[in-house]
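So the structure is just underneath, and the comments pick up after that.
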Amino acid sequence: MSDEAQRLKIVFVGHVDHGKSTLIGRILHDTSSLPEGKVAAIQAACTEEGMEFEFAFLLDALLEEQAQNITIDTTQIPFRTARRRYVIIDAPGHKEFLKNMITGAASADAAVLVIAANEGVREQSRRHGYLLSLLGIRQIVVVVNKMDLVGHSEQAFRELEAEYRAFLASLGLEAQCFIPASARAGDNVARRADDTFAWYSGPTLLGALDELQAVTAPLGQPLRFSVQDVYRFDDRRIIAGRVESGTLRVGDQLVFSPANKMSTVASIEAWSAAPPEEAIAGDAIGITLRDQIFVERGYVASHQQETPIEANRVHAELFWLAEAPLRREAHYTLRLATQEVKCQVVGIEQVMDSSSLAISSGEIEQVARNEVGRVTLQMRAPLVLDNHDRVPSLGRFVLVDAGRICGGGIVFGGVYTDRFEVKSKNIFWSEGRISARVRAAQNGHRGAVVWLTGLSGAGKSTVAQALEAELFARGMHTYVLDGDNIRHGLNSNLGFSPEDRVENIRRVSEVAKLMADAGTVAITAFISPYRLDRRRAREIALEGKAEFIEVFVDAPLRVCEERDPKQLYKKARAGEIRNFTGIDAPYEAPEDPEITVKTDEQSVDESVSMILEQLLPRLRTEE
């Protein structure tokens, strides 16, 4: 492996005054990584000022930082050992500067967490551990510093180690090792201190760092190429961007999401270099395409076999940084890679205090500063992303309000679907001259797909027809696609086998997408029993850039059987109908619908009112 590939980025974190800056200064000194004469100059300055020399002064070069006695920004410092090169990312330990800590740690391969033996595990020690977990950093070395202040006591060290190991375990983390050290004296940093630590047989800090694994994962991940801009040079259109993960080669066929248009890489353009044949994770490049398709900033290119997720609704773990709390129903701007979309907080499932890990759940209205929330976000446009545990670079985002970063988080629980089937290469999508935006401006509302799902007898058709009437009375273009009506014509050749049910929903999804593109609010009333089929319906709608709202018309099987408006349950119980949902065929209830109405508890008017309350804001054309 090359020297460059072996280089590790190590973020150093720790509670204020636990000796992190002293430890970094000691590492730079003991690895001869400082400019010639730097140590002598600082020693001379200390003598002139009548001050005792501190290794921290090697790092704290800014007078403002020395005056405040806290590190206020992230700094990147290179050093090397006999084995490989490193970059130290110095992240602030003070509570007020957690934003900088997150910024620094986000790009790190591993972490050194510093805890002072004389003070023990503090609030920031726990908060930093949680942030490392949130950012997906799994290689952690814990340095128990200032052991000289506790008389180099093995008991003090073991008690702190046991406490913090248990804390990390509660986060699903395990430290590579715990190292007792005295950064001021240099004990167990670059050299062993067997005289004062006869009871310790583990590695020095530099030895532990050399045992960490080189992180080359982005090369093995699926290709993600984030488009930053499109430039025209002569007759060429160069799509500029960054390879976030994977490898991109000349001749590759790429899918550009969210448009889901495909073309082949004709060339790779590198700045001030001969055109290469491939680009890898981390490369900033330009590409040209054989077939000219519309591409713009925010698009993400991938290989057809490993496409990212497209969603207008995501689940995330979010760390909040702003003074004003994050509130349910509030609107923010979400930035992910080069994408920027408006979003709304539609749910806060739980809130965790990042220092104590105490969890609050139930009816939660806000996430306060320095708390971690598990939230659901609704986008106003399709977002291209990955789950953080699969492709971290496409699974991280920040929320912005009034131009200021207010919080950051990671995405989890997204569903990957195969959005592409084998089609003839001679079939092309015809773009109309009248766009969905123009239709919305004329109609006074946007098109959308409102997908009602539930058991037979739950009340889907009744609610759909009542909803249609309410929208029509407001002057909106709307139409109900009813399950029985569709099977009279378009899908009359389909039965009720699992395979036919899948195809039934696929066809309806495509029709609903076209109706939404035409500016209509398409209301579907289908049992649609399988979650995967409903996810594909959502993907199809998003492919057409249409709003998709899943409504779970929820009623217990017992109630549906009592209603039995078409006597279908009776026939199914008698064996006259086979593969009937709820009896001898499964119904997979939605795990996260936008709206749930309980028709055994609510009237039709109450159900429609609940739907309208959340639907109408999404149909407005103001933004």
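Laid out as a table, the results:
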read-out: Qualifying residue in segment 261-270 (condition: under 23 Å from ALA381 (Cβ atoms) and under 18 Å from the mean Cα position of the chain (by Cα)); value: no
read-out: Test: residue in segment 533-552 that is of a type outside the set (Gly, Ala, Ser), at pLDDT 90 or above and surrounded by fewer than 19 Cβ atoms within 10 Å (Cβ to Cβ); value: no
read-out: Selection status of VAL300, in the same structural domain as GLY282 (by TED's automatic domain parsing) and in contact with a helix residue (DSSP H, G or I) (Cβ under 8 Å, 6 or more places away or on another chain); value: yes
read-out: Which numbered condition PRO222 fails, given (1) buried (at least 21 other Cβ atoms within 10 Å of the Cβ); (2) outside the structural domain of LYS20 (by TED's automatic domain parsing); value: (1)
read-out: Selection from segment 474-496 of residues that are of a type in the set (S, T, N, Q) and loosely packed, with under 13 Cβ neighbours inside 10 Å; value: SER492, ASN493
read-out: Of residues in segment 108-125 being at pLDDT 85 or above and of a type in the set (D, E, K, R), the one nearest to PRO203 (Cα to Cα); value: GLU119
read-out: Residue in segment 30-47 that is modelled with pLDDT of 80 or more, closer than 30 Å to GLU123 by Cα and assigned by TED's automatic domain parsing to the domain that holds LEU149 present; value: no
read-out: Test: residue in segment 437-448 that is touching a Phe, Trp or Tyr at 6+ places or on another chain (Cβ under 9 Å) and modelled with pLDDT under 80; value: no
read-out: Count - residues of segment 229-241 that are surrounded by 16 or more Cβ atoms within 10 Å (Cβ to Cβ) and either touching an Asp or Glu at 6+ places or on another chain (Cβ under 7 Å) or among the acidic types (Asp, Glu) (or both); value: 3
read-out: Residue list for segment 369-415, restricted to those being touching a Pro at 6+ places or on another chain (Cβ under 9 Å) and farther than 26 Å from LEU171 by Cα; value: ALA381, PRO382, LEU383, VAL384
read-out: Which numbered condition THR204 misses (of (1) in contact (Cβ under 8 Å) with a residue 40 or more places away in the chain; (2) surrounded by 17 or more Cβ atoms within 10 Å (Cβ to Cβ); (3) closer than 30 Å to GLN176 by Cα; (4) not basic (Lys, Arg)); value: (1)
read-out: Segment 136-155 - residue that is in contact with a helix residue (DSSP H, G or I) (Cβ under 9 Å, 6 or more places away or on another chain) and over 19 Å from LEU205 (Cα atoms) and, of those, modelled with the highest pLDDT; value: VAL150
read-out: Any hit, segment 569-580, residues being within 21 Å of ASP484 (Cβ to Cβ), hydrophobic (A, V, I, L, M, F, W, C), within 37 Å of the chain's Cα centre (by Cα) and surrounded by fewer than 19 Cβ atoms within 10 Å (Cβ to Cβ); value: no
read-out: Residues (aliphatic (A, V, I, L, M), modelled with pLDDT of 90 or more and in a loop (DSSP other than H, G, I, E, B)) located in segment 306-329; value: ALA324
read-out: Residue in segment 349-391 that is surrounded by the fewest Cβ atoms within 10 Å (Cβ to Cβ), counting only those that are free of Cβ contacts under 8 Å to residues at least 12 places away in the same chain and not in a strand (DSSP E or B); value: GLU363
read-out: Qualifying position, being within 23 Å of GLN602 (Cα to Cα), acidic (Asp, Glu), in the same structural domain as ALA440 (by TED's automatic domain parsing) and modelled with pLDDT under 90, among ASP500, ASP482; value: ASP482
read-out: Considering residues of segment 111-135 that are out of contact with any helix residue (DSSP H, G or I) (no Cβ under 6 Å at 6 or more places or on another chain) and among the polar types (S, T, N, Q) only, the residue farthest from ALA175 (Cα to Cα); value: GLN124
read-out: Residue tally, condition free of Cβ contacts under 8 Å to residues at least 24 places away in the same chain and under 29 Å from the mean Cα position of the chain (by Cα), over segment 271-310; value: 1
read-out: Pairs with Cβ under 8 Å, 6+ apart, first in segment 120-135 and more than 15 Å from ILE10 (Cα to Cα) and assigned to a helix (DSSP H, G or I), second among the β-branched types (Val, Ile, Thr) and modelled with pLDDT of 80 or more; value: SER125/ILE115; TYR130/VAL372; LEU134/VAL372; LEU134/ILE410
read-out: Residue match in segment 314-337 (condition: surrounded by fewer than 21 Cβ atoms within 10 Å (Cβ to Cβ), within 30 Å of PHE233 (Cα to Cα) and either free of Cβ contacts under 8 Å to residues at least 60 places away in the same chain or under 22 Å from the mean Cα position of the chain (by Cα) (or both)); value: yes
read-out: Members of segment 276-299 found to be part of a loop (DSSP other than H, G, I, E, B) and either surrounded by 18 or more Cβ atoms within 10 Å (Cβ to Cβ) or in contact with an Asp or Glu (Cβ under 6 Å, 6 or more places away or on another chain) (or both), listed by number; value: ALA281, VAL295, ARG297, GLY298, TYR299
read-out: In segment 168-223, the residues that are closer than 30 Å to HIS303 by Cβ and part of a helix (DSSP H, G or I); value: ALA217, PRO218, LEU219, GLY220
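Table: residues versus (1) assigned to a loop (DSSP other than H, G, I, E, B); (2) under 15 Å from GLY459 (Cα atoms); (3) among the polar types (S, T, N, Q); (4) touching a helix residue (DSSP H, G or I) at 6+ places or on another chain (Cβ under 8 Å).
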{"site": "VAL551", "(1), (2), (3), (4)": "no, yes, no, yes"}
{"site": "PRO565", "(1), (2), (3), (4)": "yes, yes, no, no"}
{"site": "GLN602", "(1), (2), (3), (4)": "yes, yes, yes, yes"}
{"site": "ASP605", "(1), (2), (3), (4)": "no, yes, no, yes"}
{"site": "GLN614", "(1), (2), (3), (4)": "no, no, yes, no"}
{"site": "PRO617", "(1), (2), (3), (4)": "no, no, no, no"}
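Residues are listed down the side, and each one gets a yes or a no for (1) hydrophobic (A, V, I, L, M, F, W, C); (2) under 32 Å from the mean Cα position of the chain (by Cα); (3) not in a helix (DSSP H, G or I):
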| residue | (1), (2), (3) |
| --- | --- |
| PHE496 | yes, no, yes |
| ASP500 | no, no, no |
| ILE505 | yes, yes, no |
| ALA516 | yes, yes, no |
| ALA537 | yes, yes, no |
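The values are calculated or read from the model by the stated rules, or taken from the named source; none is laboratory data. For clarity, every value in this text was computed on a predicted model and none was experimentally measured. Note that we place each Cβ from the backbone using ideal geometry, even for glycine, and neighbour counts take in every protein chain shown.
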